[in-house]
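Participant: Mind having a look at this structure? Questions to follow.
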Amino acid sequence: MWFWLALGSAVFAALTSILAKVGIEGVGSNLATAIRTMVVVLMAWGMVFITHQQGGIRSISQKSWIFLILSGLATGASWLCYYKALQMGDASKVVPIDKLSVVITLVLAVVFLREAFSVKSAIGCILIGAGTLLMVL
């Protein structure tokens, strides 16, 4: 099931980029990010209430609160950078560079989460990096 959800994430992320590139025309990137964020907030809280998970908020640990807030700040910074880059550049160049997050995530997962980094992962990172350079040059 995780594979199909991840694939859905990729499809929706692709749609996000194309829809955003069209929608950001003539709109400040920060304002566009704020509008997008409000829609995401409404969708996320809607899902919380639809799935009856709102009661779980009381059982969230302090550590989880801290890391979820830090994750939210990182997401916000990412979106602000992404929308400004998308407004200034071609989607076909901005999106591949943004997807270097895959390589960065793999490295951070090894360093901070002590996840395994195989030869296959290293080759994949090299290919993603090389492919990104090929697309944007």
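The values are calculated or read from the model by the stated rules, or taken from the named source; none is laboratory data. Keep in mind that what you see is a predicted model, and the values were worked out from it rather than measured. For neighbour counting, all protein chains shown are included, and Cβ atoms are generated from backbone atoms with ideal geometry for every residue, glycine included.
Participant: The conditions are (1) loosely packed, with under 12 Cβ neighbours inside 10 Å; (2) over 14 Å from the mean Cα position of the chain (by Cα), and Ile104 fails exactly one of them. Which is it?
Facilitator: With (1) loosely packed, with under 12 Cβ neighbours inside 10 Å; (2) over 14 Å from the mean Cα position of the chain (by Cα) applied to Ile104, the lone miss is (2).
Participant: Out of everything in region 1-32 that is touching a Lys or Arg at 6+ places or on another chain (Cβ under 9 Å) and not aliphatic (A, V, I, L, M), what residue ends up being surrounded by the most Cβ atoms within 10 Å (Cβ to Cβ)?
Facilitator: In this case the residue turns out to be Ser29.
Participant: Looking at Lys63, is it assigned to a helix (DSSP H, G or I), outside the structural domain of Thr33 (by TED's automatic domain parsing) and among the charged types (D, E, K, R)?
Facilitator: Numbers: assigned to a helix (DSSP H, G or I): yes; outside the structural domain of Thr33 (by TED's automatic domain parsing): no; among the charged types (D, E, K, R): yes.
Spelling it out, it is not the case that Lys63 is assigned to a helix (DSSP H, G or I), outside the structural domain of Thr33 (by TED's automatic domain parsing) and among the charged types (D, E, K, R).
Participant: What number of residues within region 112-127 are out of contact with any helix residue (DSSP H, G or I) (no Cβ under 8 Å at 6 or more places or on another chain) and exposed (fewer than 10 other Cβ atoms within 10 Å of the Cβ)?
Facilitator: Number of matching residues: 6.
Participant: So which helices (runs of 4 or more DSSP H) stay within region 86-137 end to end and still have 3 or more residues that are in contact with a Pro (Cβ under 8 Å, 6 or more places away or on another chain)?
Facilitator: Details: elements: 91-98, 101-113, 119-136.
Correct list: 119-136.
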